[in-house]
Amino acid sequence: MIPQKMISLVSIIYDCDPGIDDAVAILLAIKTKMCKLIAITSVAGNVSSEVGFRNIIKLLYLTGMNLLKERDPPIAEGSPEPLFRKFNPEIGKHIHGMDGLGNTEKLFIDYKIPDKISSEYEAIDLIISTILESKEPITLVATGPLTNIAKALNRDPRIKDNLTNLVIMGGAINTSSNINPVAEFNVYTDPDAAKIVLQSGMPILLVPLDVTKKNSFNKVDIQDLEDSDNAIVKFVRKILSHYMKTTRLHNGLDEDACYMHDALAMAIALNRKLMNTIKSEKFFINVETQEGPTLGQVLADREPVSGPKGYKPIEVCLDLDYQEFKKFFLETILE
């Protein structure tokens, strides 16, 4: 084990829509010694922003936090609707369950979580203030629709220059998609926000389906979770079992298996060894925002095309050492 003093902590703001794979990403960030989690915000995506906010609270309680200790990250409920479209809360239920966490509501009864917890912060303001006031490098990880990030950019463009890294899970470049023939769910849900952020000139690493769907977790991969009585491990085992069944049905897989989209993006942001295995290319990105069969399609071009001021190519992760990710995931959850 690496001594704590030798570990370089990554300061993370996490914008998400939990969601099973978002939940696993949160647990990775909280449990690893590589992370300083400094803020968590919800956005409408897999679940409503309100349900996502409550799911964040559930996960904090599960890990021994309760929003009262100084070490706990501030959290905020974010945008309830995409920029210019209506949010459909039904889409994510087919994969993530009625509660977004694999129908695990009963597991949280003994935690006596208050029925209503109001956010002390507004998500957009929390993102902006955390970035602008930080004296250390900040990595923003976004694994849901990019509504909050687009609004933050619009409200205070200075965050573009103060952010060290923005790791985004979203899009599909050269692979089949998961919401229509060409669009990935996060981008499809708010394509207008995705276009703003991906053409913003911020230091972006995009983690698309091209890499997240190259490998999956199956029952063999999580068999090390079977014998533990630890509450976090039992929770992860239960939600992944649900996720594997629904992913198999939704994606036509030959076995119960699941893609760890958001957890992979978080692991990339945290794990320097994993990041060093990335194979990537730079693309100029556009997003289809017109209604029709290609809504939400990410269009990647190696040559510059017409775009807004400051339009730059962004780095797109296309492959990495997935076995290193599995090792990091299991070691962190079981620790």
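May I ask you to derive the relative contact order of the range 159-243, considering only C-alpha pairs under 8 Å and at least 6 residues apart, and to give it as an integer percent?
32 percent
Could you list the trypsin sites (Lys or Arg not before Pro) in the range 250-335 that lie in coil according to DSSP, counting only those with at most 15 other Cβ atoms within 10 Å of their Cβ?
Answer by residue number: ARG302, LYS309.
Give me the net charge for the shell around THR175: Cβ to Cβ below 12 angstrom, other residues only, Lys and Arg +1, Asp and Glu -1. Please list the in-between numbers first.
Working: positive: LYS213, LYS214; negative: GLU184, ASP210, ASP319.
Net charge in that neighbourhood comes out at -1.
Test of understanding: ordering HIS242, HIS94 by Cβ neighbours within 10 Å, fewest first, what list do you get?
With the fewest neighbours first, HIS242, HIS94 line up as HIS94, HIS242.
From the square roots a ≥ b ≥ c of the eigenvalues of the alpha-carbon gyration tensor of the range 130-264, which class results: rounded (a/c under 1.5), prolate (a/b over b/c), or oblate?
In terms of gyration-tensor shape, oblate.
Could you line up ILE222, ILE95 from fewest to most neighbouring Cβ atoms inside 10 Å?
ILE222, ILE95
Over the alpha carbons of the range 122-193, what is the largest minus smallest coordinate on each principal axis, giving the biggest first in Å?
Result, largest extent first: 42, 21, 16 Å.
At 0.36 nm per residue, and after removing the present C-alpha to C-alpha distance, how many nm does the segment from GLU281 to THR63 gain when stretched out fully?
Extending this stretch completely gives an extra 74.8 nm.
What relative contact order, as a whole-number percentage, does the range 4-334 give when Cα pairs under 8 Å and 6 or more residues apart are counted?
With pairs under 8 Å counted, the relative contact order is 19 percent.
Which of the lysines could a cross-linker bridge to LYS116, judged by Cα under 20 Å and excluding same-chain residues fewer than eight apart?
LYS58, LYS69, LYS106
Quick one: Cα convex hull volume of the range 4-334, Å³ per residue?
Roughly 130 Å³ of hull volume per residue.
Can you give the charge dipole size of the chain about its Cα centre, rounded to the nearest 20 debye, using +1 on the beta carbon of Lys and Arg and -1 on the beta carbon of Asp and Glu?
520 debye
Using a Cα-Cα cut-off of under 15 Å, which aspartates and glutamates could be cross-linked to LYS135, ignoring same-chain neighbours fewer than 8 residues away?
Candidates past the 8-residue exclusion: ASP161.
Would you list VAL10, VAL182, VAL141, VAL287 from fewest to most Cβ contacts within 10 Å?
Listing VAL10, VAL182, VAL141, VAL287 from fewest to most nearby Cβ atoms yields VAL182, VAL10, VAL287, VAL141.
Nearest 0.05, what FRET efficiency do GLU122 and VAL220 give at R0 = 41 Å with Cβ-Cβ as r?
0.40
Could you point to the residue in VAL43, GLY64, GLY97 farthest towards the positive end of the range 4-334's charge dipole, with +1 and -1 charges on the Cβ of Lys/Arg and Asp/Glu respectively?
GLY64
Pick out the long, greasy-scoring helices in the chain: whole DSSP H runs spanning 27 Å or more along their own axis by Cα, mean Kyte-Doolittle at least -1.0.
For the chain, where a helix must reach 27 Å along its axis and average at least -1.0, the hits are 231-251.
Which stretch or stretches of the range 140-155 have amide N atoms under 20 Å from the point lying 7 Å from LYS312's Cα along the Cα→Cβ direction?
140-142, 149-155, by backbone N distance to the label point.
Average the reciprocal distances over every distinct pair of alpha-carbons in the range 51-142, invert the result, and give the Kirkwood radius in Å.
Answer for the range 51-142: a Kirkwood hydrodynamic radius of 15.3 Å.
Quick one: of the DSSP bridges fully inside the chain, what percent are antiparallel, nearest 5?
Among the beta bridges of the chain, antiparallel pairing accounts for roughly 30 percent.
Hey, rough spin-label estimate for LYS135 and ILE109, points 7 angstrom out along Cα→Cβ, what's it come to in nanometres?
If labels sit at LYS135 and ILE109, their model points lie 4.8 nm apart.
Bear in mind these aren't lab numbers, they're just calculated from the coordinates by the rules spelled out. Values in this document were obtained by computation on a predicted structure and should not be read as measured data. All Cβ positions, even for glycine, are placed from backbone atoms using ideal geometry, and neighbour counts span all protein chains on display.
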